Amino acid sequence: MPLSFLIPLCTALATGYFFKKSTDEIAYIAGVFAAISFILSLVLAPWQIQFGLLIIVLIITNRLLQENESKQTEVTRKQPREIN
């Protein structure tokens, strides 16, 4: 498994840390560079890592949708019905 995707990932982590610690305008450029490096590392990652991240995202999305649906049904139950 090639580990070349770790280079932009480490760069993204380093520039992300710099972005959090700095308040200058250069921090915004570092943030953009960190985002680009992170996306590049995801593109270069092996398919096993990409597949694992996809499964994690699908599980988290499913849980969030279930929480949202349960909150929505609670709100509709609490609202009084109008009689026409």
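Which of the residues that make up segment 1-45 are in a helix (DSSP H, G or I) and among the charged types (D, E, K, R)? Steps first, please.
Restricting attention to segment 1-45, the residues satisfying the condition of being in a helix (DSSP H, G or I) are 6-21, 26-44.
Of everything in segment 1-45, those that are in a helix (DSSP H, G or I) and among the charged types (D, E, K, R) turn out to be 20, 21.
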Exercise. Given the conditions (1) farther than 22 Å from residue 9 by Cβ; (2) in a helix (DSSP H, G or I); (3) of a type outside the set (Ser, Thr, Tyr), and given that residue 52 satisfies all but one, which numbered condition is not satisfied?
Worked result: (1)
For this session: Inspect all residues belonging to segment 30-41 and state whether any of them is closer than 25 Å to residue 2 by Cβ and of a type in the set (Val, Ile, Thr).
Result: yes
Exercise. Do any residues in segment 1-25 that are assigned by TED's automatic domain parsing to the domain that holds residue 38 have Cβ atoms under 6 Å from those of residues that are surrounded by fewer than 14 Cβ atoms within 10 Å (Cβ to Cβ), where the two are at least six apart or on different chains, and which pairs are they?
Worked result: 1/46
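The values are calculated or read from the model by the stated rules, or taken from the named source; none is laboratory data. Since the structure is predicted, the reported quantities are computational estimates derived from the model, not experimental observations. Here Cβ is always computed from backbone atoms with ideal geometry, including for glycine, and neighbour counts include all displayed protein chains.
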